[in-house]
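> Have a look at the structure that comes next, please.
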Amino acid sequence: DAIPSADQIRITTSLKSQRGSVWTKNKSIFEYWEVEVTFRVTGRGRIGADGLAVWFTEEQGLEGPVFGAADKWNGVGVFFDSFDNDGKKNNPGVIIVGNNGRLLYDHQNDGSTQALASCQRDFRNKPYPVRVKITYYQKTLTVLINNGFTPDKEDYEFCAKVENMVLPSQGYFGISAATGGLADDHDVLSFLTFQLTEPGKEVPTPGAEIPQKDKEKYQEEFEHFQQELDKKKEEFQKEHPDVQGQPGNFVCAFFLSADDLFETVSDRELRQIFEGQNRIHLEIKQLNRQLDMILDEQRRYVSAVTAEIAKRGAGFPGQQGQVSQQEIETVVKNQDEVIRQVNEIRNSVADALRLISGAQHPGSAAGVYETTQHFNDIKEHLHVVKRDIEHLVQRNMPSSEKSKCPDLPPFPSCLSTMHFFIFVAVQTVLFIGYIMYR
C-alpha cells in the first residue's frame, strides 16, 4: 500500500488494515554501517496504530504481519510501536528486536519478551519530522532519536544500545509500516546509509568494488542518457530560439515537467484549506437563511399577539391584566422555542467546523470577513427581536394599573419576574450568538 510522491513515500495511509514497505534492491556489503531515517507519523486520534519499523535483514521481508513486513527474519528490526497491545501504558515506544530466522514476533506483549533494548518516546504528531540514527559498529547497535520538537537536525538524544550483537555480513535495508483498527499516516522523507570503517584502515576504492562488466554497462547507459539529453536540448533550442545562449534554462524546463506530475504536501494542504473555507461559507449562508425564516415568523407572531391584545383590551377593560399575563406567558414559551432553534443552529455550525478539523492553517481573509458579516447580521436580527419584546411588555403592563390590581401587592423598585425571564432569554440568545461568533 506504499504511495511514492515527489518528496516522500507514504508507507501507509490513515486507513484500517494497511501494509506497506520499501526495500533496497541489492544487498549491502558494509561490515559496519549507519543509517539516518527521517519520517513523520500523523493521525487524528489521541492513539495511533500500529507503527513503523526499520530493518536490516539477510532477505527482503516484503510483506507480513510484523509492521507490514515478514516474520521470522534473520537480522534486526527497530520498531516504532504506536499501539499499546499489552495495556502497560508504555507506548509509543522504540523497541530493538533481533531474530535468527526462527522466532515469531510476540505482538500481544509488544515484543517485550523478545526486546534486546527499548525506550519510550512519543513520535506521533510532532511539529518537525522525527529523525533516527541507527549505528552498527564493532558488534554494538546504538539508536539515537530526535523527537521532532526542534528543526535542529543534529539534536539527537540516546535511546537504546545493544552490545555483542552479531548481524549478517550482507543484508537488505528496508522500512515498513502497518495500520490496524486504528490508523496513522506513516511518511518517510529520507533514508541515508553510510559505511563505517575503523580509524587508520584503508577504505577500498569505489572502482575496485564494481566489476568491470558492470562498469561497462553503467558507462554505456551514461552515454545513452547523454545522447538523449543532447537531442532534447537541440529540440528545445529549435522550439525556443529566444532563450539560446542561456545555460541552464533547458535543464530547468526538463525537470520542472517531471515535478509538475506530483502534488506537493504544501499544495495539498492549501487545497484542503480552500475546500474547508468553501464548505464553511456555504454552511453559514444556509444557516443565515434559516435564521431569517425563524425571525420573520417571530415578527409575524409578535405583531399578531400585539394586535390581539390591543383588541381584547379595548373590548374588555376589566380583564386586560388577565389577558396580558396569558399573552406574556405565550411570548416566553415562544422565546424558549427561539432558543431551541438557535441551539440547533449552533450544532449545525459545530458540524461544519468538524468537517475541516484536518486543516490546521488559518483561512483566507475574504472567508473570515464574510463569516463575520453573517454573524453581525444575526446579532442585528436578535436585537430587533429584543426591542419588539420590550415594546410588547410595555404596552401590556401599563404603570397606571399596577397599583389598582387587588390581587397583587405594589411592585417594588427591583426587577420584576417577567422582566427577569425576558432578560435571561435575551442574554441566553446573545451568549449563544457570541459563542458561535468566536
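> Scan region 115-136 and give yes if some residue there is open to solvent by less than 70 Å² (accessible area, probe 1.4 Å), under 28 Å from the mean Cα position of the chain (by Cα) and small (Gly, Ala, Ser), otherwise no.
Checked region 115-136: no residue is open to solvent by less than 70 Å² (accessible area, probe 1.4 Å), under 28 Å from the mean Cα position of the chain (by Cα) and small (Gly, Ala, Ser).
> Check off (1) in a loop (DSSP other than H, G, I, E, B); (2) within 24 Å of residue 17 (Cβ to Cβ); (3) open to solvent by less than 70 Å² (accessible area, probe 1.4 Å) for residue 104 and give me the number that stays unchecked.
In the conditions (1) in a loop (DSSP other than H, G, I, E, B); (2) within 24 Å of residue 17 (Cβ to Cβ); (3) open to solvent by less than 70 Å² (accessible area, probe 1.4 Å), residue 104 misses (3) alone.
> Just one of 99, 90 is in the same structural domain as residue 121 (by the TED database), within 17 Å of residue 115 (Cβ to Cβ) and assigned to a loop (DSSP other than H, G, I, E, B); which is it?
Checking each option against the conditions leaves just 90.
> Same structure, new question: With (1) modelled with pLDDT of 80 or more; (2) surrounded by 14 or more Cβ atoms within 10 Å (Cβ to Cβ) as the list, and residue 312 as the residue in question, which single condition is left unmet?
(1)
> If you don't mind, there's one more thing I want to ask. Give region 44-67 a look and list any residue that's open to solvent by less than 40 Å² (accessible area, probe 1.4 Å) and under 20 Å from residue 192 (Cα atoms), or say none.
52, 53, 54, 55, 56, 57, 61
> Okay, next question. With the condition kept exactly as written, say whether any residue in region 68-82 is of a type in the set (S, T, N, Q) and buried (at least 20 other Cβ atoms within 10 Å of the Cβ).
yes
> Would you tally the residues in region 209-240 being touching a residue at least 40 places away in the same chain (Cβ under 8 Å) and over 30 Å from residue 27 (Cα atoms)?
0
> Also, quick follow-up: Mind checking which residues of region 58-87 are of a type outside the set (A, V, I, L, M) and part of a strand (DSSP E or B)?
74, 75, 77, 79, 80, 81
> Would you pick out the residues in region 153-164 that are under 15 Å from residue 126 (Cβ atoms) and open to solvent by 80 Å² or more (accessible area, probe 1.4 Å)?
153
> In region 287-309, which residue that is touching a helix residue (DSSP H, G or I) at 6+ places or on another chain (Cβ under 8 Å) and either of a type in the set (D, E, K, R) or open to solvent by 70 Å² or more (accessible area, probe 1.4 Å) (or both) is farthest from residue 380 (Cα to Cα)?
Per the stated criteria, the residue is 308.
> While we're looking at this one, here's another question. Suppose the filter is in a loop (DSSP other than H, G, I, E, B) and either modelled with pLDDT of 90 or more or at positive phi (or both); does residue 21 pass it?
It is false that residue 21 is in a loop (DSSP other than H, G, I, E, B) and either modelled with pLDDT of 90 or more or at positive phi (or both).
> Can I ask one more? So if I check each of 35, 41, 22, which one is closer than 19 Å to residue 162 by Cβ and either hydrophobic (A, V, I, L, M, F, W, C) or open to solvent by 20 Å² or more (accessible area, probe 1.4 Å) (or both)?
35 is the lone residue from the list that is closer than 19 Å to residue 162 by Cβ and either hydrophobic (A, V, I, L, M, F, W, C) or open to solvent by 20 Å² or more (accessible area, probe 1.4 Å) (or both).
For (1) under 42 Å from the mean Cα position of the chain (by Cα); (2) outside the structural domain of residue 42 (by the TED database); (3) surrounded by 11 or more Cβ atoms within 10 Å (Cβ to Cβ), each residue gets a yes or a no:
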{"residue": "166", "(1), (2), (3)": "yes, no, no"}
{"residue": "175", "(1), (2), (3)": "yes, no, yes"}
{"residue": "183", "(1), (2), (3)": "yes, no, yes"}
{"residue": "197", "(1), (2), (3)": "no, no, yes"}
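> Would you check if residue 90 is under 21 Å from residue 166 (Cα atoms) and either touching a Pro at 6+ places or on another chain (Cβ under 9 Å) or open to solvent by 10 Å² or more (accessible area, probe 1.4 Å) (or both)?
No, not satisfied.
> Residue 201: farther than 26 Å from residue 22 by Cβ and out of contact with any Leu (no Cβ under 9 Å at 6 or more places or on another chain), yes or no?
Taking the combined requirement at face value, the residue satisfies it.
> Also, quick follow-up: Show the residue pairs that are 6+ apart or on different chains and have beta-carbon atoms under 6 Å apart, the first residue being within region 267-282 and in contact (Cβ under 8 Å) with a residue 12 or more places away in the chain, the second being surrounded by 13 or more Cβ atoms within 10 Å (Cβ to Cβ) and part of a helix (DSSP H, G or I).
277/367; 279/355; 280/352; 281/367
> Which of the residues spanning region 119-138 are assigned to a strand (DSSP E or B) and closer than 17 Å to residue 75 by Cα?
Selection gives 134, 135, 136, 137.
The values are calculated or read from the model by the stated rules, or taken from the named source; none is laboratory data. Quick caveat, the model's predicted, so the values are computed rather than measured. With ideal geometry, Cβ positions are generated from the backbone for all residues, glycine too; neighbour counts draw on all protein chains shown. The accessibility values were calculated without ligands, DNA or RNA, using every heavy atom of the protein model including side chains. Shrake-Rupley method; radii C 1.70, N 1.55, O 1.52, S 1.80 Å.
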